[in-house]
There are 2 protein chains.
Amino acid sequence: MSTSFPDKPRIAIIGTGALGCYYGARLVKAGEDVHFLGRSGRAALTARGLKIKTPTERINLRKIQVYGSSAEIGPCDLVILATKATANEALKTILPPLLGPETAVLTLQNGLGVEEPVAEIAGPGHVIGAICYIGCMRTAPGVVDCSFPGLMTIGKFGKPAGERTNAIAALWRRAGVKCTAQDNLEAQRWHKLVWNVPFNGLAIVAGGVTTDVLLADEGMKLLARRLMEEIVEAAAKFGHEIPRSFVDLQFERTAKMGDYRPSSLIDFEEGRDVEIEEIWGEPVRRAKSVGVAVPRMEMLYWLIKQRIAARKLPKKRR
Amino acid sequence: MSTSFPDKPRIAIIGTGALGCYYGARLVKAGEDVHFLGRSGRAALTARGLKIKTPTERINLRKIQVYGSSAEIGPCDLVILATKATANEALKTILPPLLGPETAVLTLQNGLGVEEPVAEIAGPGHVIGAICYIGCMRTAPGVVDCSFPGLMTIGKFGKPAGERTNAIAALWRRAGVKCTAQDNLEAQRWHKLVWNVPFNGLAIVAGGVTTDVLLADEGMKLLARRLMEEIVEAAAKFGHEIPRSFVDLQFERTAKMGDYRPSSLIDFEEGRDVEIEEIWGEPVRRAKSVGVAVPRMEMLYWLIKQRIAARKLPKKRR
């Protein structure tokens, strides 16, 4: 498989949630050839297009190309996976019609172990992972409020970034997304867990609170730090050194975010799937597999699982 | 101070919550000389007395002696402390009028470190601790539903049981309370924590669930066991050996309790004080003071504290 990448790639975006709409709109606005695969909100997207609001701009796209099945789209040069990992079972039927011999599949999914299911279908050499540092929320079909456009880091699955990964990073930059290609995707994923594990998790377990409430509580702040230390210790065993300054940085960064509702909390409260296994379960299993005790992360994992299971209980029992 | 104890002791009961009413009613029914100190529900208790329901009997006492201040009661032979440890600040004014040179103060309070504040006021030689294995709930002033009368273990503070401790245990048995005097009160308190720490705590943190819900969840069940193991390890450092079979027994016992709401959960949900420091904070501090890491118990402690603090937040923020 060649690593060349066309100047004007044919792009499919799977999923029209907050991420699919936001990043897709950026690409459309930059003049790229974008084909959205949307299921539930398709009629609304076809009729009204996309409306994106960021702190500095508004993107209104009246007309976008939305499809109900991947067969209608056909093979693409770049497939952007913007559904949640909890829906990955459906990829077995969704992905194949989009794949050609040189298709790159870029997964925007959170957590650990999200490239593997894609690699099984598309082949490991086709998979690129993206880590999105972004704060955005879909308020209606095609309508996204992006409070923090942030940045994106991408890397090839299991290998250093090659020509194509760099070309895709450049494509994002042309579209106004701060994006860099990195050589160690796995290390980047562990870095992102340092924030996601404590803040997404504690926001749920502490009873549905925003990050400022967590930071204002001495116990929660200390617990967040202990959870980060467990992740740092586990990552180190896998050869990914995360400096102490990176841990400190998370607190500084979060303090500036105000009353931020982490995405997993929004998912939890809206009754949607939460990426429990990708953000908490898989890191716990990997840490334990190399002999690192992660008692707090495991406890958090169990508590979140229980809270999610409890949503199905009759009201009086939870 | 002598360790003799009169055949017909003058008894004061501080607190007319579930425990004060239940145990007090037992003593009154057995013909003992009981003086209740009740604050908020005093008028109702004076007017209507006590109504106790257990699985096997009903105790209705039309007339009981209720007082609004300890000065009206005066010195007693036995003072039974049935308020919560969270209200111990008030003991400095409540206790002294009840104390004579040979008064025994029996505290029914939960957790670790509950004898010390009493000892500071009454003197250590006067303090006896009780560990109550009981399930009961006050449904109205003077009205108690006791689903599980259970048993009581008492012991002298910091010393083996003496003549007086044995006499008080005998008093309870005459009143129909299964009671034994034990030589090592502290060891008994650690034993009780084995149940209280996980089940009282997780019932709150898991979102307000009954014990059957906790036992039905594999993660919560495993977490309860890990918490118990932390307590067993800490207790061992203090010389209190808790056998593995005791841990197993807690699960068997709890399975029989059905949809039981632990007392701390009831307190939490009713907006009342929860004995956070006595059940979780003090055990964590003591374990760490002897070098035992108790990461899960500490995390549970922090989470409960946060949940309780969050009750004061405006609704939309928690």
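Ratio of the range A:73-177's C-alpha Rg to 2.2 N^0.38 Å, to two decimals?
Its radius of gyration relative to the 2.2 N^0.38 Å reference: 1.08.
Given Cβ point charges of +1 (Lys, Arg) and -1 (Asp, Glu) and nothing else, what value in debye, to the nearest 20, does the dipole of chain A about its Cα centre take?
In total the dipole reaches around 1000 debye.
Using each residue's phi in the range B:94-99, evaluate 6.51 cos²θ - 1.76 cosθ + 1.60 at θ = phi - 60° and report the 3J(HN,Hα) Karplus result to the nearest Hz, with x for Gly and Pro.
6, 5, x, x, 8, 8
Can you work out the FRET efficiency for the pair A:Glu241 and A:Lys178, with r the C-beta to C-beta distance and R0 = 25 Å, to the nearest 0.05?
0.55
Which far-off residues, 5 or more places away or on another chain, put their amide H under 5 Å from the one on A:Gln65, with H placed in the peptide plane?
A:Phe36
Once the convex hull of the alpha carbons of the range A:114-273 is built, what does its volume come to per residue, in cubic angstrom?
Measuring per residue, one finds 138 Å³ for the Cα hull of the range A:114-273.
What is the set of long-range amide H partners of A:Arg10 at a cut-off below 5 Å, with H atoms built 1.01 Å from backbone N?
Long-range HN contacts for A:Arg10: A:Asp77, A:Leu78.
Report the relative contact order of the range B:10-183, percent, no decimals, based on alpha-carbon pairs under 8 angstrom and at least 6 residues apart.
22 percent
Report, as an integer, the average count of C-beta atoms from other chains found within 10 Å of each Cβ along A:197-208.
Counting Cβ atoms of other protein chains within 10 Å of each residue's Cβ and averaging gives 3.
When Cβ neighbours within 10 Å are restricted to other protein chains, what is their mean count per residue of peptide A:304-313?
Per-residue shielding by partner chains comes out at 4.
Quick one: label points 7 angstrom along Cα→Cβ at B:Thr93, distances to the other copies in nm, smallest first?
In ascending order, 7.3 nm.
Please report, for B:Gly176, the nm distances (one decimal) from its label point, 7 Å out from Cα along the beta-carbon direction, to the equivalent points in the remaining copies, shortest first.
7.8
Taking each residue in A:212-219, count the Cβ atoms of any other chain within 10 Å of its Cβ, then average. What number comes out?
Mean partner shielding for this stretch: 4.
Considering only chain A, pick the residue with its Cβ nearest the axis of the rotation onto chain B, and state the distance in whole Å.
Residue with the nearest Cβ, plus whole-Å distance, for chain A: A:Pro295, 2.
Given R₀ = 51 Å, what would the calculated FRET efficiency be for B:Ala187 paired with A:Asp33, taking r from the Cβ atoms and rounding to 0.05?
It comes out at approximately 0.10.
Under a plain spin-label model, where a point goes 7 Å from the Cα along Cα-to-Cβ, how far apart in nm are B:Ser69 and A:Leu222?
4.1 nm
Amide H to amide H, which residues 5 or more places from B:Lys178 or on other chains are under 5 Å from it, using H placed in the peptide plane?
When sequence neighbours closer than 5 places are left aside, the close amide H contacts are B:Met152.
Considering the options A:Val127, A:Tyr67, A:Asn200, tell which one lies farthest towards the positive end of the dipole of chain A, charges being +1 on Lys and Arg and -1 on Asp and Glu at the Cβ, about the Cα centre.
Among A:Val127, A:Tyr67, A:Asn200, the one farthest towards the positive end of the dipole of chain A is A:Tyr67.
Between the range A:58-111 and the range A:207-224, how many Å separate their Cα centres?
Value for the Cα centre distance between the two parts: 36 Å.
Along Cα-to-Cβ, 7 Å out, sits the label point; list in nm, shortest first, how far the one on A:Gly68 is from those in the other copies.
With the label placed 7 Å along Cα→Cβ, A:Gly68 yields 7.7 nm.
Provide the packing ranking of B:32-39, A:18-25, i.e. peptides ordered by the mean count of other C-beta atoms within 10 Å per residue, highest first.
Highest to lowest by the protection proxy: A:18-25, B:32-39.
Can you work out D for the protein assembly as shown in µm² s⁻¹ from Stokes-Einstein, where Rh is the Kirkwood radius over C-alpha pairs, the temperature is 25 °C and the viscosity is 0.890 mPa s?
Answer, rounded: 88 µm²/s.
Hey, in chain B, which Cys have no second cysteine's beta-carbon closer than 4.7 Å?
B:Cys21, B:Cys76, B:Cys132, B:Cys179
Placing +1 at every Lys and Arg Cβ and -1 at every Asp and Glu Cβ, with all other atoms neutral, what dipole size does the protein assembly as shown have around its Cα centre, in debye to the nearest 20?
For this selection, approximately 1940 debye.
Which ³J(HN,Hα) values in Hz, rounded to whole numbers, follow from the phi angles of the range B:132-140 under the Karplus curve 6.51 cos²θ - 1.76 cosθ + 1.60, where θ = phi - 60° and Gly and Pro get x?
Karplus-based 3J(HN,Hα) across the range B:132-140 equals 9, 9, 8, x, 8, 9, 7, 9, 7 Hz.
Can you compute the helix-only [θ] at 222 nm over the protein assembly as shown? Use -39500 (n - 2.57) per DSSP H run of at least 4 residues, normalise by all residues, nearest 500 deg cm²/dmol.
Calculated from helices alone, the mean residue ellipticity at 222 nm is -12000 deg cm²/dmol.
To the nearest 10 degrees, how steeply does helix B:185-195 sit against the main Cα axis of chain B, on a 0 to 90 scale?
50 degrees
Please list B:288-296, A:111-119 highest first by mean number of surrounding beta-carbon atoms within 10 Å per residue.
My ranking of the peptides, most packed first, is A:111-119, B:288-296.
Report the far tail of the P(r) of chain B, meaning the percent of Cα-Cα pairs longer than 35 Å.
Of all Cα-Cα distances in chain B, 18 percent exceed 35 Å.
How long are the three semi-axes of the equivalent ellipsoid of the range B:1-151, in whole Å, if each is the root of 5 times an eigenvalue of the C-alpha gyration tensor, listed from largest down?
That gives 24, 17, 15 Å for the three semi-axes.
Determine, at each q value in 0.09, 0.10, 0.14 (inverse angstroms), the log₁₀ of I(q)/I(0) that the Debye formula gives when each Cα of the range A:188-309 is one equal point scatterer.
-0.22, -0.27, -0.54
Read-outs: derived from the displayed coordinates by stated rules, not from any lab. Because the structure is predicted, anything quoted here is derived from the model rather than measured. Reconstructed Cβ throughout: ideal geometry from the backbone, glycine too, with neighbour counts over all protein chains shown.
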